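Structure first, commentary second.
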Amino acid sequence: RVAPIRTVEWCSLVSASSNVTTATGRKPRVFFGWWIVGAAALINVYGAGIWFYGFPVLFKALLDEFGWGRAVAAGAIAFSRLEGGLEAPIVGWLVDKFGPRKLAIVGAVIAGVGFIIMGQIRDLSLGPVTVSALVLFYLLYGGVISIGYNTGFGHATMACVANWFVKKRSRAFAIYSLGAG
């Protein structure tokens, strides 16, 4: 015959089943992938703040400084989006080959160097050839900085998040995407 469970024993069984513990008796920690998502979201905050939302702050100053028209200067943004689509397969292959950590560092350095050089834009004379500041702006913003941003702040961080999740990948990418907002 089975003895009935006393109230005290039943309560301890309920509390033991509601508080999940590990074999060592400690509560489980937060899954490390969520820390990766948080770090990637912070990187996204920084990158999107400088790249997407920071550029309009400087746009008027660029127009006033160089006397460019709005459409001509905004063409650099369109050029950077075109470049992003062209370099994505190459950077994706590089992320798979060398890992997202190395590519994030390389991309951040490339973008940083591009921003530093951007402060020195002016017409450049190389002997008989003169390169206008607008062409240099297109090459720096649409080329160098775009490659650096897409590599370090886009593709590498997305690969990090994707590598840590299978079941809750959509939720992880949604939280990561909040960083840009």
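The values are calculated or read from the model by the stated rules, or taken from the named source; none is laboratory data. Quick caveat: nothing in here was measured; it's all calculated off a predicted structure. Every residue, glycine as well, gets a Cβ built from its backbone with ideal geometry; the counts of neighbours run over all protein chains shown. Surface areas here come from the heavy atoms of the whole protein model, side chains and all, with no ligands, DNA or RNA. Shrake-Rupley method; radii C 1.70, N 1.55, O 1.52, S 1.80 Å.
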Self-check item: Whole-number accessible area per residue in Å² for the chain, which is evaluated in the context of all protein chains at 1.4 Å
Solution: 66 Å²
Quiz prompt | Calculated P(r) tail over 18 Å for region 77-179, as whole % of Cα pairs | solution = 56 percent
Self-check item: Value of [θ]222 nm, deg cm²/dmol, for the chain, DSSP H segments ≥ 4, -39500 (n - 2.57) each, nearest 500
Solution: -21500 deg cm²/dmol
Exercise. Choose one of LEU136, TYR46, PHE173: the residue whose Cα lies farthest towards the positive end of the charge dipole of the chain (beta-carbon charges +1 Lys, Arg; -1 Asp, Glu; about the Cα centre).
Key: PHE173
Exercise. For LYS97, list the aspartates and glutamates whose Cα falls under 14 Å from its own Cα; do not include residues on the same chain fewer than 8 positions away.
Key: none
Practice problem: Can you tell me the dipole magnitude for region 40-181 around its Cα centre, using point charges on the Cβ only (Lys, Arg +1; Asp, Glu -1), in Debye to the nearest 20? | Solution: 700 debye
Quiz item: Roughly how compact is the chain, stated as its Cα Rg over 2.2 N^0.38 Å to two decimals?
Solution: 1.59
Exercise. On a C-alpha basis, how far is the centre of region 102-181 from the centre of region 28-70 in Å? Whole number, if you could?
Key: 10 Å
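Report the full-extension gain for the segment LEU124 to ALA61: residue separation times 0.36 nm, less the Cα-Cα distance, to one decimal in nm.
20.7 nm
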Quiz item: Applying 1/(1 + (r/R0)^6) with R0 = 25 Å to the Cβ-Cβ distance of ALA39 and ILE90, what FRET efficiency is obtained, to the nearest 0.05?
Solution: 0.50
Quiz item: Taking the Cβ-Cβ separation of ARG101 and PHE52 as r and a Förster radius of 22 Å, what is the calculated FRET efficiency to the nearest 0.05?
Solution: 0.40
Quiz prompt | Sites ILE77 and VAL131, calculated FRET efficiency, Cβ-Cβ separation with R0 22 Å, nearest 0.05 | solution = 0.60
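Accessible area of region 28-181 with a 1.4 Å probe: how many percent of it is carbon plus sulfur?
In region 28-181, the share of accessible area belonging to carbon and sulfur is 71 percent.
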Quiz item: Can you run phi through the Karplus equation (6.51, -1.76, 1.60; θ = phi - 60°) for region 150-162 and list ³J(HN,Hα) in whole Hz, with x for Gly and Pro?
Solution: 4, 6, x, 9, x, 5, 5, 5, 5, 5, 4, 5, 5
Quiz item: Going out from 0 in 5 Å bins, what whole percent of all Cα-Cα distances in region 111-151 drops into each bin?
Solution: 6, 26, 28, 20, 12, 6, 2, 0
